[in-house]
Amino acid sequence: MTEVGFYHLQRAPLERALPRLLEKVLQSGHRAVLMAGSDERLAALDALLWTYEQRAWLPHGTAATGHAAAQPVYLTTAEENPNEADVLVLVDGARPDFIGRFARVLDMFDGRDDAAVQAARQRWSDYKANGFTVTYWQQAERGWEKKA
């Protein structure tokens, strides 16, 4: 059964939190698909993952990069899983229909944006009503804390 984890961004913005979560996904031996809300956002996240830290390297790619099946992290705006990932990372309120194909879904939302929080609450209710296991993670001083 798919577990959907809601990641409430309060202390650090997506641009700081996302690379760390993706690093943990890869360190755990998993592959990920990251689904963004627009092509512009996808391009910005692609650039971010190459430059977020001088000494870090987070292997990833997009359709433009090619070799989708070989990418440990694949960035897209479409409902696709060309790298056979078992983790789906959602940003920008993305709400695909194919989440049940993944073992784990990370739904990241901006806790400083009231509309984003309300939309996340609705997704939580909908996923729970559809039988998915849902958990809530909140940013704390030392990282993520599971709350529910």
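The values are calculated or read from the model by the stated rules, or taken from the named source; none is laboratory data. Nothing here was measured: the structure is a model prediction, and the numbers come from that model. Note: ideal-geometry Cβ built from the backbone for every residue, glycine included; neighbour counts use all protein chains shown.
Within segment 2-19, the residues that satisfy the criterion of being part of a helix (DSSP H, G or I) and touching a residue at least 40 places away in the same chain (Cβ under 8 Å) are Leu14, Ala17, Leu18. Out of segment 101-116, which residues are more than 16 Å from the chain's Cα centre (by Cα) and surrounded by 13 or more Cβ atoms within 10 Å (Cβ to Cβ)? Correct list: Asp113 only. Filtering Ala43, Ala32 for residues that are closer than 21 Å to Ala69 by Cβ and at pLDDT 95 or above leaves a single hit, Ala32.
Across segment 132-141, what is the number of residues that are surrounded by 14 or more Cβ atoms within 10 Å (Cβ to Cβ) and at pLDDT 95 or above? Quick ask: steps written out before the conclusion?
In the first step, residues of segment 132-141 are kept if they are surrounded by 14 or more Cβ atoms within 10 Å (Cβ to Cβ); the result is 132, 134-139.
This time we only want the ones that are at pLDDT 95 or above, so: 132, 134-137.
Adding up the residues that qualify gives 5.
Here the condition is being modelled with pLDDT of 95 or more, in contact with a Pro (Cβ under 6 Å, 6 or more places away or on another chain) and more than 14 Å from Val25 (Cα to Cα); of Ala115, Ala78, Ala68, Ala63, it holds for Ala68 alone. Beta carbons closer than 7 Å, at least 6 apart along the sequence or on distinct chains, pair a first residue in segment 81-92 that is over 18 Å from Thr2 (Cβ atoms) with a second that is buried (at least 19 other Cβ atoms within 10 Å of the Cβ) and of a type in the set (Phe, Trp, Tyr) for Pro82/Tyr74. When Ala129 is tested against (1) surrounded by fewer than 20 Cβ atoms within 10 Å (Cβ to Cβ); (2) closer than 11 Å to Phe6 by Cα; (3) not charged (D, E, K, R), exactly one condition is not met: (2).
Counting the residues of segment 2-23 that are surrounded by 14 or more Cβ atoms within 10 Å (Cβ to Cβ), within 12 Å of the chain's Cα centre (by Cα) and not hydrophobic (A, V, I, L, M, F, W, C) gives 6. Listed by first and then second residue, the pairs with beta-carbon distance under 8 Å, at least 6 apart or on different chains, first residue in segment 24-44 and over 10 Å from Asp86 (Cβ atoms) and without any contact (Cβ under 8 Å) to a residue 40 or more places away in the chain, second surrounded by fewer than 14 Cβ atoms within 10 Å (Cβ to Cβ) and basic (Lys, Arg), form an empty list. Look at Glu84 and say whether it is exposed (fewer than 12 other Cβ atoms within 10 Å of the Cβ), at pLDDT 95 or above and over 15 Å from Pro19 (Cβ atoms). Yes; evaluated as a whole, the condition is true for this residue.
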